[in-house]
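Undergrad: My questions will all concern the structure given below.
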């Protein structure tokens, strides 16, 4: 992995010892359903998610580099998740040189610009390191904040609607599809 950090945050692989922290944030009923998954029910479930879903070379924990003064987090603890899916993994019909990005941030960190900062970091990595042609993203209309993050980072609404059969809480809920083209590919 190349250096994936900004002044405030860094991406790192998920670890088994993150399970308690993941459970603390992923058990919040306001977090998971906005992203299409049910709240976690136990630390063991969170550990299983880390070992199965998050154990990937393209899914990272979002970590604050300096948690100084922030009572909610200890330095080095994940406060969210950022990653991408390639052709064949995505809920969207994307091209072979494309990726779908996805993310979530724990509620104590909403409205601080962290999600936008993390998404910009991922966009830079996806375009400049991985060389993807187009990035895709989607959000549930009842989670407009996620769409605003995408717009701030340059994504535009395609006008298309999709259903996310791979998400536990997404198969019967429409999502709006967003797109961002790599300026080097146009």
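Undergrad: Show the residue pairs meeting these rules: Cβ distance below 8 Å; 6+ apart or different chains; first residue within the stretch 4-18 and at positive phi and in a helix (DSSP H, G or I); second residue surrounded by fewer than 17 Cβ atoms within 10 Å (Cβ to Cβ) and modelled with pLDDT under 95.
TA: The qualifying pairs do not exist here.
Undergrad: Being at pLDDT below 90 and assigned to a loop (DSSP other than H, G, I, E, B) is the requirement here; does residue 95 meet it? Step through it out loud before you land on a result.
TA: Numbers: at pLDDT below 90: no; assigned to a loop (DSSP other than H, G, I, E, B): yes.
No; evaluated as a whole, the condition is false for this residue.
Undergrad: Just for the stretch 19-38: of the residues that are assigned to a loop (DSSP other than H, G, I, E, B) and free of Cβ contacts under 8 Å to residues at least 40 places away in the same chain, which one is farthest from residue 142 (Cα to Cα)?
TA: 27
Undergrad: Identify, by number, the condition in (1) in contact with a strand residue (DSSP E or B) (Cβ under 8 Å, 6 or more places away or on another chain); (2) buried (at least 20 other Cβ atoms within 10 Å of the Cβ); (3) more than 22 Å from residue 158 (Cα to Cα) that residue 108 doesn't meet.
TA: Failing condition for residue 108: (2).
Residue-by-condition table, conditions (1) at pLDDT below 95; (2) within 14 Å of residue 81 (Cα to Cα); (3) crowded, with 20+ Cβ neighbours inside 10 Å:
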site	(1), (2), (3)
118	no, yes, yes
135	no, no, yes
138	yes, no, yes
148	no, no, no
155	no, no, yes
160	yes, no, no
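Undergrad: Find the residue count for the stretch 39-64, including only residues that are outside any strand (DSSP E or B) and under 15 Å from the mean Cα position of the chain (by Cα). Lay out the reasoning, then the answer.
TA: Within the stretch 39-64, the subset outside any strand (DSSP E or B) is 39-58.
Cutting the leftovers down to under 15 Å from the mean Cα position of the chain (by Cα) gives us 49-50, 53-58.
Qualifying residue count, the stretch 39-64: 8.
Undergrad: Considering each residue of the stretch 134-150, count those that are touching a strand residue (DSSP E or B) at 6+ places or on another chain (Cβ under 7 Å) and closer than 20 Å to residue 107 by Cβ, and give that number.
TA: The first filter runs over the stretch 134-150 and keeps only residues touching a strand residue (DSSP E or B) at 6+ places or on another chain (Cβ under 7 Å), leaving 134-141, 146-147, 150.
If we keep only those that are closer than 20 Å to residue 107 by Cβ as well, we get 139-141, 146-147, 150.
Of the residues in the stretch 134-150, 6 are touching a strand residue (DSSP E or B) at 6+ places or on another chain (Cβ under 7 Å) and closer than 20 Å to residue 107 by Cβ.
The values are calculated or read from the model by the stated rules, or taken from the named source; none is laboratory data. From a predicted model like this one, the values you see are computed outputs, not experimental measurements. Heads up, the Cβs are rebuilt from the backbone with ideal geometry, glycines too, and the neighbour counts pull from every protein chain shown.
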